[in-house]
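The structure under discussion appears below in the form of structure tokens.
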Amino acid sequence: AKDNGKNDFQIFMPFMLMKNLKKIEIEKNLKKAIEEDQFELYYQPVINLKDMEIHSVEALLRWNLPGKGMVSPLEFIPVAEESGLIVKIGEMVIEKAFSDIKNWERKGIDYINMAINLSVRQFKTKFFVDVVKKLIERYSVDPQKISFEITETGAVENFDVSLKILNFLCQMGIKFMIDDFGTGYSSLIYLRKLPIGGVKIDKSFISEIESSKESRAIVEGIVLLAHKIDLKVVAEGVETKKELEILKEIGCDFAQGYLFSKPLPKTEVEKLLIAKKIT
Ligand code: C2E
Ligand code: CA
Ligand code: CA
Ligand code: CA
């Protein structure tokens, strides 16, 4: 047993060290990135399946790390959350998104809605509500055009805290959507106790609706139930025409994915927003 312990130690140690070093390095770089404003928002159009017009854009964070190119949020959001830097970064995301939607409005693109991703750690901080209020006023953004996306796990943990924050922001006119729906374990009925506007079905389900009867049945079931309790449904990660056809048949409300457009820098997405339709 003692020998085993020794071996475990030798195998375990370098791995842990590497992992921690990487984390510390990312964290150091993130602090610098905040100071030097190395972040940029890309926008992906969301299509209304009733008229096939663009309904909104989802803001997706990109980190332009000098010498390394664009870093995916999947790589740094977890570190940002753990270190607490997500609060500052999240505030900056909201500020950039508000500023961009206001700019589009000035250019005559006044129909567009904006979806912004929130991390749990971010929206459950003490000052979150005040920060949002302050930025809504500073940029004189119409709160009706804003929706915040939170994951189901984030929404249901500390349920009472979620309820308080969501209620407050909903009273201002902001909507909430449950992101990555289907990947957690909560039921729609339970989530409905929160003032939410709808759910976004995770792309892992959408990519299987063509090939798997079960996945199609699950998506169909979600849409049926959601509509019965007055929730909207967005499908994410739509990549093929066939997937789109199925989603239309099922009665899904909105869709986004590479079939329509990848996330784009603001100057590029603007052209699509002016056209209002993706051909
Ligand atoms: P998410 O909110 O589920 O966003 C959807 C992800 O799928 C995005 O990845 C998007 O670029 C990608 N995607 C869109 N269409 C397709 C498609 O047709 N096929 C495939 N395979 N992928 C598609 P991205 O931009 O790398 O973002 C990853 C995750 O990082 C997001 O997942 C979200 O959870 C998080 N994230 C992004 N921006 C922010 C942010 O500003 N704040 C926070 N807290 N999280 C963010
Ligand atoms: Ca999202
Ligand atoms: Ca997702
Ligand atoms: Ca697919």
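Rank these by accessible area, largest first, 1.4 Å probe: 37, 230.
So the residues, ranked largest to smallest area, are 230, 37.
Show the residues, 5+ positions off or on another chain, whose built amide H is closer than 5 Å to the amide H of residue 56.
Under 5 Å from the amide H of residue 56 lie the amide H atoms of 46, 113, each far enough along the sequence or on another chain.
Give me the percent of accessible area attributable to carbon and sulfur for the chain, probe 1.4 angstrom.
Roughly 55 percent of what the probe reaches on the chain is carbon or sulfur.
Please report, in whole Å³, the volume per residue of the convex hull around the C-alpha atoms of region 172-279.
Cα-based convex hull of region 172-279, divided per residue, equals 122 Å³.
Treating the angle as unsigned and between 0 and 90°, give the value, to the nearest 10°, between the Cα long axis of helix 128-138 and the longest Cα principal axis of the chain.
Helix 128-138 sits roughly 50 degrees off the main axis of the chain.
Pulled fully out, how much extra length does the chain show between residue 22 and residue 267, if you take 0.36 nm times their separation in residues and subtract their Cα-Cα distance?
Details: separation 245, 0.36 × 245 = 88.20 nm, distance 3.34 nm.
Extra length from residue 22 to residue 267 when fully extended: 84.9 nm.
Apply the Karplus curve 6.51 cos²θ - 1.76 cosθ + 1.60, θ = phi - 60°, to the phi angles in region 173-188 and return the couplings in whole Hz, x for Gly and Pro.
Karplus values, whole Hz, x for Gly and Pro: x, 6, 9, 10, 10, 8, 8, 6, 5, x, 8, x, 10, 8, 8, 4.
Past the 32 Å Cα-Cα mark, which pairs from 133/248; 68/164; 175/277; 68/96; 23/213; 28/193?
Over 32 Å apart, Cα to Cα: 133/248; 68/164; 23/213; 28/193.
How large is the charge dipole for region 35-184, taken about the Cα centre, if only the Cβ atoms of Lys, Arg (+1) and Asp, Glu (-1) carry charge, to the nearest 20 debye?
With only Lys, Arg, Asp and Glu charged at Cβ, the dipole is about 380 debye.
So what are the ³J(HN,Hα) numbers for region 93-110, from phi and the Karplus equation (6.51, -1.76, 1.60; θ = phi - 60°), rounded to whole Hz, Gly and Pro as x?
4, 4, 4, 5, 5, 5, 4, 5, 5, 5, 4, 4, 4, 4, 8, x, 8, 9
Could you give the accessible area per residue of region 67-127, probe 1.4 Å, as a whole number in Å²?
On the way: 2890 Å² over 61 residues.
With the other protein chains kept in place, region 67-127 gives 47 Å² per residue.
Relative to the longest principal axis of the chain, what angle (0 to 90°, nearest 10) does the C-alpha long axis of helix 213-228 take?
The helix 213-228 is inclined about 60 degrees to the chain.
Compute the long axis of helix 73-83 from its Cα atoms, compare it with the longest principal axis of the Cα atoms of the chain, and write down the angle in degrees, 0 to 90, nearest 10.
60 degrees
Can you list the HN-Hα couplings for region 29-45, worked out from phi with the Karplus curve (6.51, -1.76, 1.60; θ = phi - 60°), rounded to whole Hz and with x for Gly and Pro?
Rounded to whole hertz, the list is 5, 5, 4, 5, 4, 5, 4, 9, 6, 8, 9, 9, 9, 9, 10, 10, x.
Among the trypsin sites (Lys or Arg not before Pro) in region 74-126, which ones are in a DSSP loop with at most 15 other Cβ atoms within 10 Å of the Cβ? Mind listing them?
107, 126
Positive end of the dipole of the chain, charges at C-beta (+1 Lys, Arg; -1 Asp, Glu), about the Cα centre: which of 182, 163, 46 has its Cα farthest in that direction?
Of the listed residues, the answer is 163.
Among the aspartates and glutamates, select those whose C-alpha is under 12 Å from the C-alpha of residue 242, and discard any that sit fewer than 8 residues away in the same chain.
Within the straight-line cut-off, residue 242 pairs with 208, 210.
With only Lys, Arg, Asp and Glu charged, each at its Cβ (+1 for the first two, -1 for the last two), find how big the charge dipole of the chain is about the Cα centre; round to the nearest 20 debye.
On the way: 41 positive and 42 negative charges, 88 e Å.
Dipole of the chain, to the nearest 20 debye: 420 debye.
First obtain the Kirkwood hydrodynamic radius of the chain from its Cα pairs, then insert it into the Stokes-Einstein equation at 25 °C and 0.890 mPa s, and state the resulting D in µm² per second as a whole number.
The estimated diffusion coefficient comes to 121 µm²/s.
With r defined as the distance between the Cβ atoms of residue 210 and residue 40 and R0 fixed at 30 Å, what FRET efficiency is calculated, to the nearest 0.05?
For residue 210 and residue 40, the calculated efficiency is 0.35.
The values are calculated or read from the model by the stated rules, or taken from the named source; none is laboratory data. Fair warning: this is a prediction, and the values are worked out from it, not measured in the lab. FYI the Cβ positions are ideal-geometry reconstructions off the backbone, even for glycines, and counts take in every protein chain you see. Please note that ligands, DNA and RNA were not included when accessible areas were found on the heavy atoms of the full protein model with its side chains. Shrake-Rupley method; radii C 1.70, N 1.55, O 1.52, S 1.80 Å.
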